[in-house]
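The values are calculated or read from the model by the stated rules, or taken from the named source; none is laboratory data. What you see is a predicted model, and the numbers here were worked out from it, not measured in a lab. Cβ: placed from backbone, ideal geometry, glycine included. Neighbour counts: every protein chain shown.
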């Protein structure tokens, strides 16, 4: 099925959409529950306000992103990264 330049609300249940391609798509306000997103690749995405819970994040890689306001278990990611860098920067190389 192909959808081009259209505005549709989909109610998808018990379906296999593996291998699908989404490009220049607005998914604002969507809800995903009990889904398998293993192997997903996401780039150039606005996920501001995203809430993840009860998720398997093993092997997840996040790079070249804005982290302001992002928290993990209530801890600011920017603070975690600053603490990590301070602990792993050789003395005299600040």
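For every residue, the table says whether it meets (1) surrounded by 10 or more Cβ atoms within 10 Å (Cβ to Cβ); (2) within 14 Å of the chain's Cα centre (by Cα).
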{"residue": "44", "(1), (2)": "no, yes"}
{"residue": "56", "(1), (2)": "no, yes"}
{"residue": "66", "(1), (2)": "no, yes"}
{"residue": "80", "(1), (2)": "yes, no"}
{"residue": "93", "(1), (2)": "no, no"}
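Yes or no, residue by residue, for (1) at pLDDT 95 or above; (2) closer than 30 Å to residue 81 by Cα; (3) more than 13 Å from the chain's Cα centre (by Cα); (4) surrounded by 10 or more Cβ atoms within 10 Å (Cβ to Cβ):
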{"residue": "5", "(1), (2), (3), (4)": "no, no, yes, no"}
{"residue": "19", "(1), (2), (3), (4)": "no, no, yes, no"}
{"residue": "49", "(1), (2), (3), (4)": "no, yes, no, no"}
{"residue": "71", "(1), (2), (3), (4)": "yes, yes, no, yes"}
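What are the pairs, 6+ residues apart or on separate chains, where a residue within segment 57-86 that is at negative phi and in contact (Cβ under 8 Å) with a residue 12 or more places away in the chain has its Cβ under 6 Å from a residue that is surrounded by 10 or more Cβ atoms within 10 Å (Cβ to Cβ) and outside any loop (DSSP other than H, G, I, E, B)?
That search, which allows pairs on different chains as well, returns 67/77; 67/78.
Count, please, the residues in segment 74-94 that happen to be at pLDDT 95 or above and assigned to a loop (DSSP other than H, G, I, E, B).
Counting residues in segment 74-94 that are at pLDDT 95 or above and assigned to a loop (DSSP other than H, G, I, E, B) gives 1.
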